[in-house]
């Protein structure tokens, strides 16, 4: 039977929101002051009850436990489900349902209390309206009983398989770091996704690497993609974009059964696209846009960017926060940004745009940023590529030599002048706030329509393809809000601030940025990359960005 405990400090007795069922703790807190009927409960299970080893990977353990726990939440809801009543009337249990990526989260984590290790699982509970007996039954009988079932059925064999998978995935990542490769796709991977994007497409062909680009890493054979410029080409519906999408997902490790477990990509990779209409604030786009009518290309700002200027800004911003691999699909790109064939170059004498074909090699050779490009409609990139992969019915073929022969008689291009890629940016504290101007109340909201609201900002994030879930976006919003309210600096060096905040979240728990002050948020958070935090901040219209060429600082 669960009972209420209490603890003492120097001021006397304080109500402790922790309840115990033998050695399992249930910590109850409010999700928000407006939702007192929907508390958040963190269940803390001792390691020894699950026969867990304290030295194993905590993120893998927490991810595995969450997926197992989700089945038990489903079983609980099946016991109380009433189709004629809403959750508010009937009551319900909620837990986070993750994608197949293995990430650090606030909903499943490890905590050490008085030198004792606990596996912690967070849920929220909708208490049934005006039915205290049922609420007591749900919390005091049904939930503890299901926790005991979770403990009894905890599958150490499957957990060890998850550990073994993560160990091999991480060894491949370490190999990539020390090699001249930026990505690896194991033979046998299932790249196409099913309808709801939750797993591999049934009946899809397993991936088989072309023999001449096949490598072996940690006992696995597959296609290695070297650093430099790689073109993926092929006809319509041949699997080009599916391959790029798989590489984009490979920035994170994935669970057994995902089909892409051994698609491993440089973790700094970014999918870059045109993003017409996005806000751009003081960024140097001169490598791609030489001049702007009635404006400045080296300190370019706009509230409504074109396709070409937005794609140029997206690349420059990605380089600015450390991206070393660009993933670009021509279907999501501005055509005039990507290419300009010889006829158009002859016809258009004064074009401000330097197309990506003219910079992609320099980008690798001077800035060490590789590119993987999906190209199906133009041969302009063939002459500048290091490797060309042809997709035919989802089967890859190395056609580099064949494609290069087609380019032998091409008229040589006039070499464009070299450019500067590294620009350091910082912001002033003037408008970096979660308080709307003149208001004493903070504003923070994440819309399902693709917007983040912070203070006076309404940030359009619909063009960001690397954010994995609403929970990760919520974590980004809370992180930015915490940076804003804790900032004491006049000039803010974003790289340092964000990196420190993410390290704190990784060490102390993702939940350290959460605040129950804001209504409308679900309780779930996932740890983001620095890339996506930067992407959201870069789309804030009211910030005052300052850029400085590193050579000017000397």
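Readers should treat all values here as calculations from the given coordinates under stated rules, not as data from a laboratory. None of the values given here were measured: they were computed from a predicted structure. Using ideal geometry, Cβ is built from the backbone for each residue, glycine included, and neighbour counts are taken over all protein chains shown.
Overall, the anisotropy analysis places segment 285-348 in the oblate class: the square-rooted eigenvalues a ≥ b ≥ c of its C-alpha gyration tensor yield a/c not less than 1.5, with a/b not exceeding b/c. Rounded, prolate or oblate, given the Cα gyration tensor of segment 275-388, with a/c below 1.5 counting as rounded? It is oblate, given that a/c is not under 1.5 and a/b is not larger than b/c. Convex hull volume of the C-alpha atoms in segment 220-328, normalised per residue: 143 Å³.
Evaluated over the Cα positions of the chain, the convex hull gives a direction-averaged projected area, one quarter of its surface, of 30.6 nm². So what's the angle, to the nearest 10 degrees on a 0 to 90 scale, between helix 470-486 and the longest Cα principal axis of the chain? With both axes taken from Cα atoms, the answer is about 90 degrees. Computed packing ranks the peptides 43-53, 269-279 as 269-279, 43-53, most packed first, by mean other Cβ atoms within 10 Å. Computed from Cα positions, the angle between helix 356-367 and the longest principal axis of the chain comes to roughly 70 degrees.
State whether segment 3-154 is rounded, prolate or oblate according to the following rule on the C-alpha gyration tensor (a ≥ b ≥ c being the square roots of its eigenvalues): a/c under 1.5 gives rounded; otherwise a/b larger than b/c gives prolate, and the remaining case gives oblate. Verdict is oblate for segment 3-154.
Determine, for 240, 420, 497, the number of other Cβ atoms within 10 Å of each Cβ, and report the residues in order from fewest to most.
Going from sparsest to densest Cβ surroundings: 420, 497, 240.
Every Cα-Cα pair in segment 164-236 was counted, and those over 17 Å apart are 54% of them. Report, in degrees rounded to the nearest 10, the 0 to 90 angle that the Cα long axis of helix 156-178 makes with the longest principal axis of the chain. Relative to the chain, helix 156-178 is tipped by roughly 30 degrees.
The order of 264, 289, going from fewest to most other C-beta atoms within 10 Å of their C-beta, is 289, 264.
Across segment 348-441, Cα-Cα pairs more than 23 Å apart make up 50 percent of the total.
The protection proxy used here, the mean number of other Cβ atoms lying within 10 Å of each residue, ranks peptides 105-118, 353-366, 522-535 as follows, highest first: 522-535, 353-366, 105-118. The reciprocal of the average 1/r between distinct C-alpha atoms defines the Kirkwood hydrodynamic radius, which for segment 164-406 equals 18.8 Å. For the peptides 292-298, 332-338, 481-487, 305-311, the ranking by packing is 305-311, 332-338, 481-487, 292-298, with the highest mean count of neighbouring Cβ atoms within 10 Å listed first.
Determine the relative contact order of the chain: mean sequence separation of Cα pairs under 8 Å and six or more apart, normalised by residue count, in whole percent. Computed over the chain, the figure is 13 percent.
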